[in-house]
1. Which one of these is among the charged types (D, E, K, R) and over 25 Å from Glu64 (Cα atoms): Glu96, Glu160, Glu108, Glu138?
2. Which condition does Leu132 not pass, out of (1) surrounded by 23 or more Cβ atoms within 10 Å (Cβ to Cβ); (2) of a type in the set (A, V, I, L, M); (3) in contact with a Ser or Thr (Cβ under 7 Å, 6 or more places away or on another chain), if it passes all the others?
3. Only one of Pro150, Pro54 is closer than 20 Å to Phe37 by Cα, open to solvent by 80 Å² or more (accessible area, probe 1.4 Å) and not small (Gly, Ala, Ser); which?
4. Residue check, Ser117 against (1) under 18 Å from Phe12 (Cα atoms); (2) open to solvent by 20 Å² or more (accessible area, probe 1.4 Å); (3) touching a residue at least 40 places away in the same chain (Cβ under 8 Å); (4) not aliphatic (A, V, I, L, M), all met but one. Which one?
5. Part of a loop (DSSP other than H, G, I, E, B) and open to solvent by less than 10 Å² (accessible area, probe 1.4 Å) - does that describe any residue in the range 17-33?
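The values are calculated or read from the model by the stated rules, or taken from the named source; none is laboratory data. This is a predicted model, so every value here is computed, not measured. Note that we place each Cβ from the backbone using ideal geometry, even for glycine, and neighbour counts take in every protein chain shown. These area figures cover heavy atoms from the full protein model, side chains too; ligands, DNA and RNA do not enter into them. Shrake-Rupley method; radii C 1.70, N 1.55, O 1.52, S 1.80 Å.
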Amino acid sequence: QKIALELGLDFFSTPFDNTAVDFLEKMNVPVHKVASFEIVDLPLIKKIAQTRKPIIMSTGMATESEIKDAVDTARQAGNSQIALLKCTSAYPAPPESMNLKTISDMAEKFKVVSGLSDHTLGITVPVAAVDLGASIVEKHFTFSRSAPGPDSAFSIEPQEFKTMV
């Protein structure tokens, strides 16, 4: 957190249970992220919503009905600061599976900010997503794809990130 603040970056994380929400609140994070797998955890979404901070939800594992339930839960808890990210939960995700028109469809259907949580290789898909209305892009980042780690193989390196931005 200290390094992020020194660099002028917003620091936040994805809580996976109520104790993690409490921990992040003690750190005074400005926003909370809900992972695709947790979008159906309505008690967790309610707890996050009650912080009254913006919520970014990935939708990769969710049906339209589950997304609606998550959005309704947050709103019923008094929080309408919601962003939904189109996500294909494959690692790496093939570009042809992305269905980027979902981004504008979610914004219109749920009256939220929308964007992309991208697991494709390279930067073509996130750039296209912005052209199609994405307000947020989540992209995995690494200093080197040769570094060990579960996300390294499909993450982008610093020069690619610079080009993407």
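1. Glu160
2. (1)
3. On the way: Pro54 fails: open to solvent by 80 Å² or more (accessible area, probe 1.4 Å).
Sole residue among the options that is closer than 20 Å to Phe37 by Cα, open to solvent by 80 Å² or more (accessible area, probe 1.4 Å) and not small (Gly, Ala, Ser): Pro150.
4. That leaves (2) as the condition not met.
5. Taking the range 17-33 as the starting set, the residues that turn out to be part of a loop (DSSP other than H, G, I, E, B) are 17, 27-31.
When the remaining residues are screened for being open to solvent by less than 10 Å² (accessible area, probe 1.4 Å), the result is 29.
Within the range 17-33 (the criterion being part of a loop (DSSP other than H, G, I, E, B) and open to solvent by less than 10 Å² (accessible area, probe 1.4 Å)), the answer is yes, since at least one residue qualifies.
Okay, residues lined up against (1) over 21 Å from Pro150 (Cβ atoms); (2) among the acidic types (Asp, Glu); (3) in contact (Cβ under 8 Å) with a residue 12 or more places away in the chain:
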site: Asp17; (1), (2), (3): no, yes, yes
site: Glu25; (1), (2), (3): yes, yes, yes
site: Val71; (1), (2), (3): yes, no, yes
site: Ala77; (1), (2), (3): yes, no, yes
site: Thr88; (1), (2), (3): no, no, yes
site: Tyr91; (1), (2), (3): no, no, yes
site: Pro94; (1), (2), (3): no, no, yes
site: Thr102; (1), (2), (3): yes, no, yes
site: Met106; (1), (2), (3): yes, no, yes
